[in-house]
Amino acid sequence: MSTSNIVTKVSDTKEEAVKAVAAEIAALIRARAAEGKEAVLGLATGSTPVVLYKELIRLHKEEGLSFKNVTSFNLDEYYGLPGTHDQSYRYFMNTELFDHVDIDKAKTHVPDGTVPADKVAEMCEKYDADIKAAGGIDIQILGIGRTGHIGFNEPPCGPDTRTHQVTLDEITIKDNARLFFHDKIEEVPTSAVTMGVGTILESKKIVLLAWGDNKADIIYRSVCEAPNENCPASWLQNHPNCVFVLDKAAAAKL
Ligand code: PGA
């Protein structure tokens with residue numbers, strides 16, 4: 001029996017699962033727009049959130065959802081890749097979401113993977129400060145790696161880390177080569193800049209998405225193991241408002 005705060009919502013398919021998440025984001029954006037305020041979204045990359053972004057684009061094109069009052073902060077970026085590189089997370093966000101809605105790109109933030117080594121710490125501090133100055137993240141979307149990483153916080157990782165540079169786990173490098181870098185493992189950067197677990201935990205609401213049976217073990221560990229540094233996502237149990245939105249396959253071991 002777990003004493004986890006995490007709420008789990010299980011749907012038959014990922015398409016069905018993301019509808020309620022997209023509707024919640026839309027309601028937030030519209031409520032803030034009515035007050036003349038910004039909605040602050042924390043966004044994720046990888047194969048998992050693509051289906052959510054498709055639904056947000058549909059809401060924009062078919063139901064008039066405007067993103068003009070949205071400020072966004074992405075979780076992470078490969079170190080060494082410029083935003084013009086087709087495997088960078090800036091490029092991914094542009095092609096999977098930003099280019100298809102009316103968001104002001106000047107208000108979309110992705111850590112800069114091109115700053116020189118001696119400027120990385122300063123850039124990371126500014127990233128956290130910019131999130132605070134925007135009023136904090138209202139809804140943070142997360143995927144999860146098979147290592148238990150959220151953002152690129154690989155195990156072992158404590159709950160208090162801030163935005164920082166990390167070395168990627170071998171499993172993550174392999175998974176990302178398979179899904180993205182045309183299977184060319186040597187092209188996957190070995191380092192990244194990521195929001196820390198502590199940064200993520202400051203979000204007002206957190207929604208973690210996971211699909212497919214290859215995520216079932218790590219979802220079980222994240223929800224049911226006592227929070228521990230070998231499974232960074234398990235720290236989400238300490239958050240008062242965290243939901244795991246899963247398809248049946250990812251929830252199979254719960
Ligand atoms: P995926 O990656 O969405 O491509 O499975 C998730 C992650 O590594 O956080």
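DSSP beta bridges confined to the chain are antiparallel in about 30 percent of cases. Under 5 Å from the amide H of Ala250 lie the amide H atoms of Gly212, each residue being 5 or more positions distant or on a separate chain, with H modelled from the backbone and absent for Pro and chain starts.
For the residue pairs Lys68/Lys132; Lys105/Lys132; Lys174/Lys253; Lys19/Lys105; Lys61/Lys253; Lys132/Lys253, the C-alpha atoms sit more than 28 angstrom apart in Lys61/Lys253; Lys132/Lys253.
Entry note, the chain: the mean residue ellipticity at 222 nm calculated from DSSP H runs of n ≥ 4, each adding -39500 (n - 2.57), is -10000 deg cm²/dmol after division by the residues and rounding to the nearest 500. Using the 1.4 Å probe convention, the accessible area of the chain works out to 44 Å² per residue with neighbouring protein chains retained. Relative contact order for the range 7-247: 24 percent, from Cα pairs under 8 Å spaced at least 6 residues apart, divided by residue count. Using the Cβ-Cβ distance between Ala34 and Thr84 with R0 set to 25 Å, the FRET efficiency from 1/(1 + (r/R0)^6) comes to roughly 0.10. Each residue of the range 193-201 is assigned a 3J(HN,Hα), and the resulting list reads 10, 9, 3, x, 4, x, 4, 4, 5 Hz, derived from the Karplus form 6.51 cos²θ - 1.76 cosθ + 1.60 (θ = phi - 60°), x at Gly and Pro. Using only side-chain charges placed at the Cβ, +1 for Lys and Arg and -1 for Asp and Glu, the dipole size of the range 7-247 relative to its Cα centre rounds to 580 debye.
Counting only protein heavy atoms, what percent of the accessible surface of the range 99-204 is carbon or sulfur at a 1.4 Å probe?
Values: 2580 of 4840 Å².
On the range 99-204, the fraction of accessible area on carbon and sulfur atoms equals 53 percent.
Using θ = phi - 60° in the Karplus curve 6.51 cos²θ - 1.76 cosθ + 1.60, the 3J(HN,Hα) couplings for the range 30-42 round to 5, 5, 5, 4, 5, 8, x, 10, 8, 9, 10, 9, x Hz; x is entered for Gly and Pro.
Residues whose amide H falls under 5 Å from that of Gln140, counting only those 5 or more places apart or on a different chain, are Gly42, Lys205, Ile206, Val207, with hydrogens built in the peptide plane.
Thinking of the chain as a set of Cα atoms, what percent of all their pairs are more than 29 Å apart? Don't skip to the end; give the middle numbers.
Working: 7841 of 32131 pairs.
Tail fraction, whole percent: 24.
In the context of the full protein assembly, Glu96 retains an accessible surface of approximately 60 Å², using a probe radius of 1.4 Å and ignoring ligands and nucleic acids.
The values are calculated or read from the model by the stated rules, or taken from the named source; none is laboratory data. Note that the structure is a prediction, hence the values are computed from the model and not measured. All Cβ positions, even for glycine, are placed from backbone atoms using ideal geometry, and neighbour counts span all protein chains on display. Only protein heavy atoms, including side chains, enter the accessible area calculation; ligands, DNA and RNA are left aside. Shrake-Rupley method; radii C 1.70, N 1.55, O 1.52, S 1.80 Å.
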